[in-house]
Amino acid sequence: MPHKVISFHYTLTDSDGVVIETSKERAPVSFMSEMGMIVPGLEREIIAYTAGQTGRVEVKAEDGYGLIDFTKYVQVPREALPKQDIKAGDMFQSNQSPLPFTVKEVTETHVVLDGNHPLAGEDLTFDVEVLETREASEQELQELQTMMEAAQQKAQQAQQPPQAPEAPGAAPEAQA
């Protein structure tokens, strides 16, 4: 089956109907099918849509950003973080991961950080409007494959367990 390029607008809500994100006030999202560019549960449904079609797509956590992976939790000393006024729900970026860490628990001496995607474990609803669908050109496919291969190589080189963001002069002591 040839790869498709699909452009669409969406509004993403959680299981309580709370809007998490929308593309309505910005450029539409475009992706190439079968390349892992959007969550699998959404791609599986939207691939059959035609230009102008709208619909609601329910995506279970395992077909969205995944289930919560407790191996991505890390406990670090408080002093290893860039600030000391930390509370549950705060987020920190690390040079070890493209995703931010979310603070799950704070004690007097340690902080538990979660390296999962912020929407891991969440069932999601996408209200979508497909604007365009077309076959991908050979050039688009080659360019995307080259970019993805480079990203995979970079990820393999940096493949390490998640570590906490580093404070200047302090090295985190990660414990699983």
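The values are calculated or read from the model by the stated rules, or taken from the named source; none is laboratory data. Remember, predicted model here, so these are calculated numbers, not experimental data. Ideal geometry is used to build each Cβ from the backbone, glycine not excepted, and the neighbour counts take in all protein chains shown.
In the set Glu58, Glu62, only one residue is more than 21 Å from Arg134 (Cα to Cα), out of contact with any Ser or Thr (no Cβ under 8 Å at 6 or more places or on another chain), not in a loop (DSSP other than H, G, I, E, B) and not aliphatic (A, V, I, L, M); that residue is Glu62.
Among all positions in region 28-51, there is no residue which is assigned to a loop (DSSP other than H, G, I, E, B) and over 30 Å from Glu143 (Cβ atoms). Being touching a residue at least 60 places away in the same chain (Cβ under 8 Å) and over 30 Å from Val5 (Cα atoms) holds for only one residue in Gln75, Gln53, and it is Gln75. Checked against (1) within 27 Å of Arg44 (Cβ to Cβ); (2) in a helix (DSSP H, G or I); (3) charged (D, E, K, R), Glu122 passes all but condition (2).
Number of residues in region 24-39 that are touching a strand residue (DSSP E or B) at 6+ places or on another chain (Cβ under 8 Å) and either under 21 Å from Ala120 (Cβ atoms) or aliphatic (A, V, I, L, M) (or both): the value is 6. Tallying residues that are at pLDDT 90 or above, surrounded by 15 or more Cβ atoms within 10 Å (Cβ to Cβ) and within 30 Å of Glu45 (Cβ to Cβ) within region 69-105 yields 2. Just the residues that are closer than 17 Å to Leu124 by Cα and either surrounded by 17 or more Cβ atoms within 10 Å (Cβ to Cβ) or in contact with a Leu (Cβ under 9 Å, 6 or more places away or on another chain) (or both), please, taken from region 46-55. The answer is Ile46, and nothing else.
Applying the condition of being aliphatic (A, V, I, L, M) and surrounded by 10 or more Cβ atoms within 10 Å (Cβ to Cβ) to region 16-34 and asking which residue is farthest from Glu58 (Cα to Cα) yields Met32.
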